[in-house]
Amino acid sequence: QVRLVESGGGLVQAGGSLRLSCAASGSISSINNMGWYRQAPGKQRELVASISKVGSTNYADSVKDRFTISRDNAKNTVYLQMNSLKPEDTAVYYCNADIQRSGFRYPSNYWGQGTQVTVSS
């Protein structure tokens with residue numbers, strides 16, 4: 001079994017910062033792309049940022065220059081540093097990863113359970 005467990009969400013005032021973490025555990029051979037998505041009430045889930053195994057990154061226009069995604073391959077962990085937070089960043093943030101399980105030929109896509117981020121004005 002493989003699990004993705006997020007942490008670091010919470011309530012913060014506008015202009016503040018939060019750091020999300022997502023650790024993958026289980027019978028893992030390798031992890032390819034990792035990313036963060038978010039879903040606000042009444043809206044579709046959207047990509048926030050992604051990072052490849054070698055560190056290439058991609059960001060939604062709405063978070064560029066404010067959020068930074070990074071990963072620690074030795075710890076199977078991805079991070080999202082969120083600065084200059086705005087009320088419109090309020091959402092449930094989900095971790096996502098393409099994981100090659102030990103003994104399996106192809107990778108599968110996994111989701112974390114989500115962590116709430118609330119930004120007050």
Pairs returned, first residue in region 2-28 that is farther than 22 Å from ASN83 by Cβ, second residue that is part of a loop (DSSP other than H, G, I, E, B), beta-carbon separation under 6 angstrom, 6 or more apart or interchain, are LEU4/GLY112; ALA24/ASN76; GLY26/GLN1; SER27/SER102
Only one of (1) within 18 Å of SER7 (Cβ to Cβ); (2) assigned to a strand (DSSP E or B) does not apply to GLN113, and that is (2)
Original post:
For region 33-45, does any single residue satisfy the condition of being under 17 Å from GLN100 (Cβ atoms), open to solvent by 20 Å² or more (accessible area, probe 1.4 Å) and part of a strand (DSSP E or B)?
Top reply: yes
Over region 49-90, the set of residues more than 16 Å from SER7 (Cβ to Cβ), touching a residue at least 12 places away in the same chain (Cβ under 8 Å), open to solvent by less than 60 Å² (accessible area, probe 1.4 Å) and in a strand (DSSP E or B) is ALA49, SER50, ILE51, PHE67
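Is it fair to say PRO107 is more than 11 Å from the chain's Cα centre (by Cα) and loosely packed, with under 12 Cβ neighbours inside 10 Å?
Criteria not met by PRO107.
The values are calculated or read from the model by the stated rules, or taken from the named source; none is laboratory data. Keep in mind that what you see is a predicted model, and the values were worked out from it rather than measured. Cβ: placed from backbone, ideal geometry, glycine included. Neighbour counts: every protein chain shown. The protein model used for the area step is the full one, side chains on, heavy atoms only, and it has no ligands, DNA or RNA in it. Shrake-Rupley method; radii C 1.70, N 1.55, O 1.52, S 1.80 Å.
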